[in-house]
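Quick one: this structure, given as structure tokens, is what I'll be asking you about.
The values are calculated or read from the model by the stated rules, or taken from the named source; none is laboratory data. Keep in mind it's a predicted model, so treat the numbers as computed, not measured. What goes into the accessible areas is simple: the full protein's heavy atoms, side chains included, and nothing from ligands, DNA or RNA. Shrake-Rupley method; radii C 1.70, N 1.55, O 1.52, S 1.80 Å.
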Amino acid sequence: MNDLKTPDLLIEVREEPSPPTLVLSWRGRSADRYPAQVLGPFFAEALERAAGTAATVEMRFHALEHFNSSTITAVIELIQDARSRGVRLVIAYDGSVKWQRLSFDALRVFNRGDALLELRPS
């Protein structure tokens, strides 16, 4: 799977073998009005790859400078798609950065107490 590159955003892809994890590291800014047009197909490919190898998808937002409400909507859709496919999703973020803490803490409403979604502040 290839990295996602736009003028303002880079999502680097790395596969870790043990335990099988597809790591998606976000850098830059996601301020596009319609990010789902780019993120949707990228997320679909990541979920397909993870489902085929029983891997966890781990998204790391520590180096992300900003994202808008349209991006969080795309992330919510990813959470729902991952759950429907039975793919474990880890969202790692910088809990000391206020906008990240507020944005990702709000996603706790999607945590159903199962192992499919983990929100991991660091």
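Under Stokes-Einstein, with the Kirkwood radius over Cα pairs standing in for Rh, what whole-number D in µm²/s applies to the range 54-93 at 25 °C and 0.890 mPa s? Provide the component values of the computation, followed by the final result.
Working: Rh = 10.9 Å.
Translational diffusion coefficient: 224 µm²/s.
If you roll a 1.4 Å probe over the heavy atoms of the protein chains, what accessible area per residue do you get for the chain, in Å²?
Values: 6540 Å² over 122 residues.
Per-residue value: 54 Å².
Using a 1.4 Å probe on the protein chains only, how many percent of the accessible area of the chain belongs to carbon and sulfur? Please list the in-between numbers first.
Details: 3250 of 6540 Å².
Of all accessible area on the chain, carbon and sulfur atoms account for 50 percent.
Another one. Amide H of PHE67: which non-local residues (sequence gap of 5 or more, or other chain) have their own amide H closer than 5 Å, using H built in the peptide plane?
Amide H neighbours of PHE67, under 5 Å, 5+ apart: SER30.
Let me ask something else. Give me Rg/Rg_expected for the chain, where Rg uses Cα atoms only and Rg_expected = 2.2 N^0.38 Å with N residues. Present the calculation step by step, with values, prior to reporting the outcome.
Values: Rg = 13.2 Å, N = 122, 2.2 N^0.38 = 13.7 Å.
That ratio works out to 0.97.
In whole percent, what relative contact order does the chain give with Cα contacts below 8 Å and a gap of six or more residues?
Dividing the mean separation by the residue count of the chain yields 22 percent.
Going by Cα centres, the range 14-51 and the range 61-94 are how many Å apart?
The range 14-51 and the range 61-94 have Cα centres separated by 9 Å.
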